[in-house]
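Below is one structure; the comments refer to it alone.
What follows is calculated from the coordinates using simple rules that are stated; it is not laboratory data. Keep in mind that what you see is a predicted model, and the values were worked out from it rather than measured. FYI the Cβ positions are ideal-geometry reconstructions off the backbone, even for glycines, and counts take in every protein chain you see.
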Amino acid sequence: MFTVEVKVGLKKGVSDPEGANTHKSLELLGFGEVKEVKSLKLYRMHIEADSKEEAVKRVEEMCMKILTNPVIHTHEIEFL
């Protein structure tokens with residue numbers, strides 16, 4: 001069994017209203033040192049697979065089918 005984290009973010013140039021609103025709120029609360037906020041989604045999964053390579057293959061399939069929109073998202077896979 002493998003524990004995997006998938007971080008999903010927006011590609012450069014794609015609008016991030018959640019990050020922008022969070023940044024604005026932080027500034028209003030006096031946290032002016034924060035210069036930029038970007039939102040991410042994090043998925044942590046426990047996957048049964050015969051090998052790390054098979055787990056990566058299956059997670060990549062998940063990313064392409066449901067976890068991301070490849071047009072606007074980037075993703076990063078990390079084994080814990």
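Relative to the longest principal axis of the Cα atoms of the chain, helix 52-62 runs at roughly 60 degrees. In the distance distribution for the chain, Cα-Cα pairs more than 22 Å apart total 39 percent. Amide H contacts of H73: K11, each under 5 Å away and 5 or more positions distant or on a separate chain (H built 1.01 Å from N in the peptide plane; Pro and chain starts excluded). With the helix formula -39500 (n - 2.57) applied to DSSP H stretches of n ≥ 4, the chain reaches a computed 222 nm mean residue ellipticity of -9000 deg cm²/dmol. Relative contact order, whole percent, for the chain stands at 53, derived from Cα pairs under 8 Å and 6 or more residues apart. The trypsin sites (Lys or Arg not before Pro) of the range 1-45 that DSSP puts in a loop, and whose beta carbon has at most 16 other beta carbons within 10 Å, are K11, K12, K35, K38.
Remark: the range 4-15, residue by residue, has Karplus-estimated 3J(HN,Hα) of 10, 10, 10, 9, 10, x, 8, 5, 4, x, 8, 4 Hz, where x stands for each Gly or Pro and the curve is 6.51 cos²θ - 1.76 cosθ + 1.60 at θ = phi - 60°.
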